[in-house]
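Undergrad: Got a structure for you, questions after.
The values are calculated or read from the model by the stated rules, or taken from the named source; none is laboratory data. Owing to the predicted nature of the structure, the values given are computational and were not obtained by experimental measurement. For neighbour counting, all protein chains shown are included, and Cβ atoms are generated from backbone atoms with ideal geometry for every residue, glycine included.
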Amino acid sequence: MLKRLSISLFLGANICTILLLWLCVALTFVSPDIMPRLSLLSLAFPIFLIVDILFIFFWLLFHARLVWVPIVGALLVGGYILDYCPINFSNNTNGSRLADSTITVVTFNVSYIESDEEKQNELIRFLNTVNADIVCLQELNKSFFADHKAWLDTTAYHTLQSINVAVLSRFPFLSSTMNIDYPTRSNHSIACWIDYQGDSLLLVNNHLESTHLSPAEKDDYANAIIEPGRQAIKNSSRMLLGKLSEAATYRGAQADSICALIDHNVNHPTIVCGDFNDTPISYTYQKFAHRLTSAYREKGFGPGFSFSQRFFPIRIDHIFYSPNWTCQSCSIDKTISSSDHYPLVARLSKNVH
């Protein structure tokens, strides 16, 4: 009797976990503007997934007949699991055959390094090493290119910059920056046309809405985790929920605006990248994923945390591309530590029809 009751309780807990896992996915179809705070539940997707996986081992040990429950629960959202944690063992296919039409694209939030000469030099060394064809930078001070004109003159880069978002391209620009008009407090996205092998390539570089957590607020959150206290956790949670839900609402509207631009130019080769400030299980990410392909989903391995600040291990930097391209490789480059982000590096080959 006791054993049967225990199994029923654990089965109920497993089913609740699966329902929460499914709810996280379902919320990615709903604009955060409708349910701002509930939309944040999607951030807990990896927690519910881990618990569901633990149930697989639990049932194998104590009641093998029910092992199908967590497995089916996970399989029904398998595509989203692979969005969050892709498993690609081959990260370079047909690279040599398509080398003449393959470009390297980098997106990197450099975190305002203008006041630190050592970090600026580290960024330049990284750019020289990665030798990318297109580099999309976020949180770059407008004086950077002027301060490093001597270095820039040694490269073949054309540059465009608007506010703190910049593009370096080995291919000439066909247009100046096109600012994308969307609701924002201080963030920014730009679009431009690039001449790539005689074709017009639409490139969109994004720095979508930040949470605007101050250093003091981040410290309060970190201290609440290290030294938990009821009042500290309550205050930290209230502050964090308010800021996260407000930022999510902005990002939802921003994603809608950028996707409208993509839809308007659906017949052109397109690359959309940057700091999206959202994980793969979010309205923002999925809005783009329904139109374009995520380079990391296609060729990355593991969760690929691109934001490196303590207690915030998440992947919020993304590269998306249109069906005109094939991804040969994609990875998070952790050789540079000048920012609280890591660069995302992808090699894309233009499809020949």
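Undergrad: Tell me the residue from 140, 49, 82, 152 that is crowded, with 21+ Cβ neighbours inside 10 Å and assigned to a helix (DSSP H, G or I), please.
TA: Working: 140 fails: assigned to a helix (DSSP H, G or I); 82 fails: crowded, with 21+ Cβ neighbours inside 10 Å; 152 fails: crowded, with 21+ Cβ neighbours inside 10 Å.
From the options 140, 49, 82, 152, the qualifying one is 49.
Undergrad: Additional query: Please name all residue pairs, on different chains or six or more residues apart, with Cβ atoms under 8 Å, provided the first residue is in the stretch 10-28 and is outside the structural domain of residue 282 (by TED's automatic domain parsing) and the second residue is charged (D, E, K, R) and modelled with pLDDT of 95 or more.
TA: Qualifying pairs under 8 Å: 14/52; 17/52; 18/52; 21/52.
Undergrad: Something else: Filter the stretch 57-73 for residues that are assigned to a helix (DSSP H, G or I) and not aromatic (Phe, Trp, Tyr) and give the result.
TA: Quick first cut of the stretch 57-73, residues assigned to a helix (DSSP H, G or I) only: 57-62, 64-66, 68-73.
Listed by number, the residues that qualify are 60, 61, 64, 65, 66, 69, 70, 71, 72, 73.
Undergrad: Taking into account only those residues within the stretch 120-136 that are touching a strand residue (DSSP E or B) at 6+ places or on another chain (Cβ under 7 Å) and touching a residue at least 60 places away in the same chain (Cβ under 8 Å), which is surrounded by the most Cβ atoms within 10 Å (Cβ to Cβ)?
TA: Within the stretch 120-136, the match that is surrounded by the most Cβ atoms within 10 Å (Cβ to Cβ) is 136.
Undergrad: Are there any pairs, at least 6 apart or on different chains, whose C-beta atoms fall under 7 Å, with the first in the stretch 67-82 and within 17 Å of residue 57 (Cβ to Cβ) and the second of a type in the set (D, E, K, R) and in a helix (DSSP H, G or I), and if so, which?
TA: Listed by first residue and then by second, the contacts come to 70/52; 73/52; 74/52.
Undergrad: Restricted to the stretch 332-353, and to residues that are aliphatic (A, V, I, L, M) and surrounded by 23 or more Cβ atoms within 10 Å (Cβ to Cβ), which residue is nearest to residue 85 (Cα to Cα)?
TA: Of the residues in the stretch 332-353, the ones aliphatic (A, V, I, L, M) are 332, 336, 344-346, 348, 352.
Within this subset, residues satisfying the condition of being surrounded by 23 or more Cβ atoms within 10 Å (Cβ to Cβ) are 344, 346, 348.
Numbers: 344: 15, 346: 17, 348: 20 Å.
Among them, the one singled out is 344.
Undergrad: Looking only at the stretch 159-187, which residues are farther than 30 Å from residue 32 by Cβ and modelled with pLDDT under 90?
TA: Listed by number, the residues that qualify are 175, 176.
Undergrad: Checking the conditions here, which among 93, 102, 17 is modelled with pLDDT of 95 or more and either under 25 Å from the mean Cα position of the chain (by Cα) or surrounded by 17 or more Cβ atoms within 10 Å (Cβ to Cβ) (or both)?
TA: Numbers: 93 fails: modelled with pLDDT of 95 or more; 102 fails: modelled with pLDDT of 95 or more.
Unique residue meeting the criteria: 17.
Undergrad: Suppose the filter is assigned to a loop (DSSP other than H, G, I, E, B) and not charged (D, E, K, R); does residue 319 pass it?
TA: On the way: assigned to a loop (DSSP other than H, G, I, E, B): no; not charged (D, E, K, R): yes.
Spelling it out, it is not the case that residue 319 is assigned to a loop (DSSP other than H, G, I, E, B) and not charged (D, E, K, R).
Undergrad: Go through (1) crowded, with 24+ Cβ neighbours inside 10 Å; (2) modelled with pLDDT under 95 and name the single condition residue 281 misses.
TA: Only one criterion is unmet by residue 281, namely (2).
Undergrad: Can we say residue 329 is crowded, with 19+ Cβ neighbours inside 10 Å, closer than 20 Å to residue 88 by Cβ and modelled with pLDDT under 95?
TA: Details: crowded, with 19+ Cβ neighbours inside 10 Å: yes; closer than 20 Å to residue 88 by Cβ: yes; modelled with pLDDT under 95: no.
Answer is no for this residue.
Undergrad: Out of the stretch 155-213, which residues are crowded, with 17+ Cβ neighbours inside 10 Å, part of a strand (DSSP E or B), in contact (Cβ under 8 Å) with a residue 60 or more places away in the chain and of a type in the set (S, T, N, Q)?
TA: 189, 205, 206
Undergrad: Here's a check for you: in the stretch 225-266, which residue that is of a type in the set (Ser, Thr, Tyr) and within 14 Å of residue 39 (Cβ to Cβ) is modelled with the lowest pLDDT? Break it down stepwise before answering.
TA: Start the filter on the stretch 225-266 by keeping residues that are of a type in the set (Ser, Thr, Tyr), which leaves 236-237, 245, 249-250, 257.
Add one more test, that the residue is within 14 Å of residue 39 (Cβ to Cβ), and what stays is 245, 249-250.
Details: 245: 90, 249: 94, 250: 94.
Looking at residues that are of a type in the set (Ser, Thr, Tyr) and within 14 Å of residue 39 (Cβ to Cβ), I get 245.
Undergrad: Taking the condition of being farther than 19 Å from residue 324 by Cα, touching a residue at least 40 places away in the same chain (Cβ under 8 Å) and assigned to a helix (DSSP H, G or I), how many residues in the stretch 236-290 meet it?
TA: The total comes to 18.
Undergrad: Considering the stretch 284-324 alone, what residues qualify as being touching a Gly at 6+ places or on another chain (Cβ under 9 Å) and of a type in the set (A, V, I, L, M)?
TA: 319
Undergrad: Conditions first: (1) surrounded by fewer than 16 Cβ atoms within 10 Å (Cβ to Cβ); (2) without any contact (Cβ under 8 Å) to a residue 12 or more places away in the chain; (3) not assigned by TED's automatic domain parsing to the domain that holds residue 209. Residue 117 passes all but one, so which condition is the exception?
TA: (3)
Undergrad: Select from the stretch 322-353 the residues that are without any contact (Cβ under 8 Å) to a residue 40 or more places away in the chain and part of a strand (DSSP E or B) and write down the one among them that is nearest to residue 204 (Cα to Cα).
TA: 327
Undergrad: Is the stretch 54-76 home to any residue that is touching a helix residue (DSSP H, G or I) at 6+ places or on another chain (Cβ under 7 Å), within 30 Å of residue 238 (Cα to Cα) and either among the hydrophobic types (A, V, I, L, M, F, W, C) or buried (at least 16 other Cβ atoms within 10 Å of the Cβ) (or both)?
TA: Within the stretch 54-76, none of the residues are touching a helix residue (DSSP H, G or I) at 6+ places or on another chain (Cβ under 7 Å), within 30 Å of residue 238 (Cα to Cα) and either among the hydrophobic types (A, V, I, L, M, F, W, C) or buried (at least 16 other Cβ atoms within 10 Å of the Cβ) (or both).
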